[in-house]
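Q: One structure, as structure tokens, below. Some questions next.
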Amino acid sequence: MPIIDWIIYGDLKLDPICRSVTRDECLNVNWFMSLEDAKNKIENWRQDYNYLRPHSSLSDTPPALFAKQFENVNIAEFSD
């Protein structure tokens, strides 16, 4: 299980953003021949998006790698 899943459906704050990204970058550019084909293509896209593709907002780092940098950070150290 990844440290953090950046595509989180059901989160009321993130859901509209996630759906927009998924629709624009995955669903609008693929044809799905079956449910199994859709699952495979969407999972491949999610893996690419989270683990391979650099994101400029994260200093050109993939989200999973960026999150891993903070794996052992104790957030209590930063609270007042």
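Q: Contour minus end-to-end for residue 53 and residue 25, with contour as 0.36 nm per residue of separation and end-to-end as the Cα-Cα distance? Present the calculation step by step, with values, prior to reporting the outcome.
A: Details: separation 28, 0.36 × 28 = 10.08 nm, distance 1.23 nm.
Gain on extension, residue 53 to residue 25, equals 8.9 nm.
Q: Right, here's the next one. How far apart, in nm, are the 7 Å Cα→Cβ label points at residue 73 and residue 37?
A: 4.3
Q: Right, something else. Out of residues 5 or more away from residue 55 or on other chains, whose amide H comes under 5 Å of its own, with H placed 1.01 Å from N in the peptide plane?
A: For residue 55, whose amide H was placed from the backbone, the distant partners under 5 Å are 60, 61.
Read-outs throughout are calculated quantities, based only on the coordinates presented, and are distinct from any laboratory measurement. This is a predicted model, so every value here is computed, not measured. Cβ sites come from the backbone with ideal geometry, for glycine too, and all protein chains shown count toward neighbours.
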